[in-house]
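Since every read-out is calculated from the coordinates, none of them should be taken as a lab result. Since this is a predicted model, take the numbers as computed values, not measurements. As a convention, Cβ positions derive from the backbone with ideal geometry for all residues, glycine included, and neighbour counts pool all protein chains shown.
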Amino acid sequence: MVFFGIFFTGFPEKIDRTRISNFNLSGDILYKAKVLIKRRPSILDPQGKAVEKGAQHLGLNNIKDTRIGKFIEFTVDTADKNSAEKEVKEYCAKLLANPIMEDFEFTLEEMK
């Protein structure tokens with residue numbers, strides 16, 4: 001029988017992850033995209049209703065009209081802001097949001 005051991009040599013030094021994540025070789029601009037996806041007002045939100053009932057059971061009786069959505073962040077590596085906006089819209093419309101039931105909105109911030 002053969003045993004392989006893993007030896008703990010301590011924790012590595014603190015790494016500045018923002019410098020690593022902002023690094024790109026393409027010369028393009030990095031944008032931080034923040035997307036908010038919400039159910040359309042005409043669509044019922046059973047998850048929101050369930051959370052609202054839970055709040056009432058906790059004695060929080062002033063909570064009304066709870067709706068649950070999604071918040072998604074990612075980076076976009078493009079040549080300019082117009083290209084980034086186009087790509088984010090396509091990403092949201094085709095993959096992140098259900099166009100029948102959900103609406104989305106997003107912001108783009110240039111990463112330094």
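A few notes on this one:
- Extension reserve of the Lys64-Ile29 stretch, reckoned as 0.36 nm per residue once the Cα distance is removed: 8.4 nm
- Estimated distance in nm for a label pair at Glu110 and Ile43, the labels positioned 7 Å out from Cα along Cα-to-Cβ: 3.5
- Out-of-range pairs (alpha-carbon distance over 29 Å; input Lys49/Lys112; Lys53/Lys89; Lys38/Lys86; Lys64/Lys86): Lys49/Lys112; Lys53/Lys89; Lys64/Lys86
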